[in-house]
Amino acid sequence: MKHTNTLKSNMGFSKVFILSIFGLISLLPSSLIGQNQQRVRVSFIIKTIPDIGTNKIYIAGDLLNMGPWQADKILLSRVSDGSWVGSIKLPINVGIHLRFTQGDWKRNEQDKQGNPVTHFLVLERDTLIQHK
């Protein structure tokens, strides 16, 4: 009987160990995972303030194919109404952090207090993001 109890205890330990490994994997930065996963298209339409002039708008993010965190990696295109548009393919079901910049970290989207704004998303399908 003691052997059976030990076996049950070891099986419980194995389950806990496996769950712990999955937990640790989920803590890895998104830049280290998701590179071979199914991808979906994310399209952006960014409306900017009028005084942005001829400066360019970029998307920077924490995934490997986004830089990572390279402020001038993904250039958006300016269209006739003054909006900036573009699209990229990103992995599904992976947490993604991104920022809108003008090509460097001195000029990026800020909140009313002047702090940089970082957006977070998890994609499940093709997505359109409209942002002002």
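The values are calculated or read from the model by the stated rules, or taken from the named source; none is laboratory data. Predicted model, so just to flag it, every value in this text is computed and none were measured. Heads up, the Cβs are rebuilt from the backbone with ideal geometry, glycines too, and the neighbour counts pull from every protein chain shown. Accessible surface is based on the protein model in full, side chains and every heavy atom, while ligands, DNA and RNA are left aside. Shrake-Rupley method; radii C 1.70, N 1.55, O 1.52, S 1.80 Å.
Restricting attention to segment 70-104, the residues being open to solvent by 20 Å² or more (accessible area, probe 1.4 Å) and under 28 Å from Gln37 (Cβ atoms) number 16. Restricting the search to segment 42-55, which residues are at pLDDT 90 or above and open to solvent by 20 Å² or more (accessible area, probe 1.4 Å)? Ser43, Ile45, listed by residue number.
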